[in-house]
Amino acid sequence: MFQVGETVVYGTTGVCTISSIGPLSMHGVDRHRLYYTLQPLRQEGAVYIPVEGEHHKALRYPLTTEEAEQFLLRLVDIPAYEIEGLNFKQRTDGFTAALQEANCEGLLGVIKAVSKKKRFRREKQQYNVDYNFYKKAMKLLCMELGYVLHQSEESVRKQIEACLVPEEAAEPDEEA
């Protein structure tokens, strides 16, 4: 069980601090059930996660400084999420699952997949959905690595982009 004051990563919310653990006094909520109250690092409000159940599985500790440094050294070796032959729904479901897991390798895989798709297919337009996955994956990855390494998210973004193939480094077009 996580403790109050600990920093965690939660799905598509990203880096959060556990501000309390206990029952909620909101209408329509089981008042005998315990919840983590999470304060996101980069957004207002709170997120409530049941201590027991499926949502709890998406909660994890951030990488250690050493793990983050090792991750950055392996950037070029981490493969893109495989999307070849997948239809739109399959690709969207796969990207959604990767974002919800908030696993650094999975997030980088999404970033590389969208970039690779743009480069190899030489498409003039990028699906807005793919571009949104790219942006969200980059944000979550840079947030966690920046937090752990005590760097700005922009600094981390530049490190990630520098390790991508030159054509991948530029964000995909926003056109739809």
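The values are calculated or read from the model by the stated rules, or taken from the named source; none is laboratory data. Treat the numbers as computed from the prediction; the structure is a model and nothing was measured. In this analysis, Cβ positions are derived from the backbone assuming ideal geometry, glycine residues included, and neighbour counts consider all displayed protein chains.
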How about the stretch 1-59: which of its residues are charged (D, E, K, R), without any contact (Cβ under 8 Å) to a residue 24 or more places away in the chain and either in a helix (DSSP H, G or I) or in contact with a strand residue (DSSP E or B) (Cβ under 8 Å, 6 or more places away or on another chain) (or both)?
-> Arg33, Lys57
Sole miss for Glu123 among (1) part of a loop (DSSP other than H, G, I, E, B); (2) at pLDDT below 90; (3) within 18 Å of the chain's Cα centre (by Cα) is condition (3)
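Every residue, every condition in (1) surrounded by fewer than 12 Cβ atoms within 10 Å (Cβ to Cβ); (2) among the charged types (D, E, K, R); (3) over 21 Å from Met138 (Cβ atoms), yes or no:
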{"site": "Leu38", "(1), (2), (3)": "no, no, yes"}
{"site": "Thr64", "(1), (2), (3)": "yes, no, yes"}
{"site": "Ala80", "(1), (2), (3)": "no, no, no"}
{"site": "Ala98", "(1), (2), (3)": "no, no, no"}
